[in-house]
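S.K.: Shown below is the structure under consideration.
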């Protein structure tokens, strides 16, 4: 085949056009008039770090650079970009290091369309990513501005796991409980920098990386549905496993009583759970080491280092059988630990972040011939604080044919399920 000069020139031109449009780029654009957040949305804190953060688009995105000293700058890009902390502000850079903007108080990354997403350090998130310097100098905080229905698709699998169609009603119940909790917290934190944490401090949120088709179906089928009491959205607490009985909220946290958070008999709904029953054992020296730091979170401890454990007694229980008051006697002090604080004081000796599964336990002490404690053993039930919906119980109810409305009304006393959007 013979090519003339004109044909060759056209091929070369097309080739370079292809390279131009396929390469990563960043260029200035006109200001964005407003962010399209017409549906209910949340501001979720997803990261706090001392390191640089890498933002990459699926497709292309707009970038809004906010500075206190100059007018906002706007860019349009398909390139991965770095945000660094510098002198209490932020610097936006290309991956090769070229500075795009500096001395920034905030950078927003906005996908071109809702169907596109962004990667934060290679983890995918729907919605907008907002990077800002943290109050602690040198730290960077990243917020995810996300539609609540998209947010729930990253919460439900993190909180309840990926289930099958048999458990769909439980997933629906979880979606509604999580939606209610999120909207409750959004209203309470409306003036704050963010509404929710992405950790157990609020609800676990894993972004789009953990989305699951059955979970997405549960979220979509219940879109806009919330739990209400006397017309108000409730603070829908939930936990992994109640051990056979949920608990009144006032028996778990002080100074708070709520009519919809009352203990209920869960029968055998959560008994299938592999951690329905548990044991934890400490040698005395191990528990002394744990108590040397854990008691300081709740008491003014005068003694530095470890203090010999003399006695450990259950002083009082709730109607459901959970420990309300635990007495810890050491050589120098006696401590009365109450309610859910017990779980945070009696931590795992090999992992100080691992708290006691529940306060639903019996206590066994092994003593030597001198009457000194040598070993402490706890035999318990359940996993979590015990307030609100038992997640494994909800799964058990779904497997027995209960609807999501029946599940929610079982765990939350006197409530209604309403669609608000």
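Please treat every number below as a calculation from the coordinates, not as lab data. Given the structure is predicted, the values throughout are model-derived calculations rather than measurements. All Cβ positions, even for glycine, are placed from backbone atoms using ideal geometry, and neighbour counts span all protein chains on display.
S.K.: Given [x] 40, 26, 20; [y] 44, 23, 19; [z] 49, 28, 20 as candidate values of semi-axes √(5λ) of the Cα gyration tensor in Å, which corresponds to the one derived from the coordinates?
M.R.: For semi-axes √(5λ) of the Cα gyration tensor in Å, the calculated option is [z].
S.K.: How would you rank 386-399, 64-77, highest first, on the average number of other Cβ atoms within 10 Å across their residues?
M.R.: Answer by packing, highest mean first, reads 386-399, 64-77.
S.K.: For the chain, modelled as a GNM with alpha-carbon contacts under 10 angstrom, which of 301, 146, 155 fluctuates the most?
M.R.: Looking only at 301, 146, 155, the largest GNM fluctuation is found for 301.
S.K.: On to the next question. May I ask you to give the average projected area over all directions of the convex hull of the Cα atoms of region 277-381, in nm² rounded to one decimal?
M.R.: 6.3 nm²
S.K.: Order 108-115, 188-195, 167-174 from most to least packed using the mean count of other Cβ atoms within 10 Å.
M.R.: Descending packing order for the listed peptides: 167-174, 108-115, 188-195.
S.K.: Hey, another quick one. Going by the alpha-carbon gyration tensor, a ≥ b ≥ c the square roots of its eigenvalues, is region 26-148 rounded (a/c under 1.5) or, if a/c is not under 1.5, prolate (a/b greater than b/c) versus oblate?
M.R.: Working: a/c = 1.38, a/b = 1.21, b/c = 1.14.
Rounded, since a/c falls under 1.5.
S.K.: Take 252, 415 and order them by how many other Cβ atoms sit within 10 Å, fewest up front.
M.R.: Listed from fewest to most nearby Cβ atoms, that is 415, 252.
S.K.: State the Cα centre-to-centre distance between region 67-107 and region 167-210 in whole Å.
M.R.: Using only Cα atoms to place each centre, the spacing works out to 30 Å.
S.K.: How high is the relative contact order of the chain? Use alpha-carbon pairs under 8 Å, at least six apart in sequence, and give a whole percent. Spell out each step's value before the answer.
M.R.: Values: 887 pairs, mean separation 62.6, N = 421.
Computed over the chain, the figure is 15 percent.
S.K.: A follow-up question, please. For region 201-285, what class follows from the C-alpha gyration tensor (a ≥ b ≥ c being the square roots of its eigenvalues): rounded when a/c is under 1.5, otherwise prolate if a/b is larger than b/c, else oblate?
M.R.: oblate
S.K.: With a 10 Å radius around each residue's Cβ, average the other Cβ atoms per peptide and rank 207-215, 91-99, highest first. Walk me through the numbers on the way to the answer.
M.R.: On the way: 207-215: 17.8, 91-99: 13.2.
In descending order of packing, they fall as 207-215, 91-99.
S.K.: Go ahead and run the numbers for FRET between residue 72 and residue 158, Cβ-Cβ distance against an R0 of 41 Å, rounding to 0.05.
M.R.: 0.75
S.K.: Could you check which residue among 153, 303, 339 shows the biggest mean-square fluctuation in a GNM of the chain with a 10 Å Cα cutoff?
M.R.: Comparing 153, 303, 339 in a Gaussian network model of the chain, the most mobile one is 303.
S.K.: Looking at the chain, what % of its DSSP beta bridges pair antiparallel, to the nearest 5? It would help to have the intermediate numbers written out before the result.
M.R.: Numbers: 84 of 88 bridges.
Percentage antiparallel, nearest 5: 95.
S.K.: Let me ask you something else. Expressed in nm to one decimal, what extension gain is obtained for the pair residue 137 and residue 102 from 0.36 nm per residue of sequence separation less their Cα-Cα distance?
M.R.: Stretched out fully, the residue 137 to residue 102 stretch lengthens by 11.0 nm.
S.K.: Here is a follow-up. Return the single residue from 294, 332, 62 with maximal mean-square fluctuation; model: Gaussian network over the chain, springs between Cα atoms under 10 Å.
M.R.: Top of the fluctuation ranking is 332.
S.K.: Would you calculate a helix-derived [θ] at 222 nm for the chain, using -39,500 (n - 2.57) for each DSSP H run of n ≥ 4 and dividing by the full residue count, to the nearest 500?
M.R.: On the way: 9 runs with 92 residues, N = 421.
Helix contribution divided over all residues of the chain: -6500 deg cm²/dmol.
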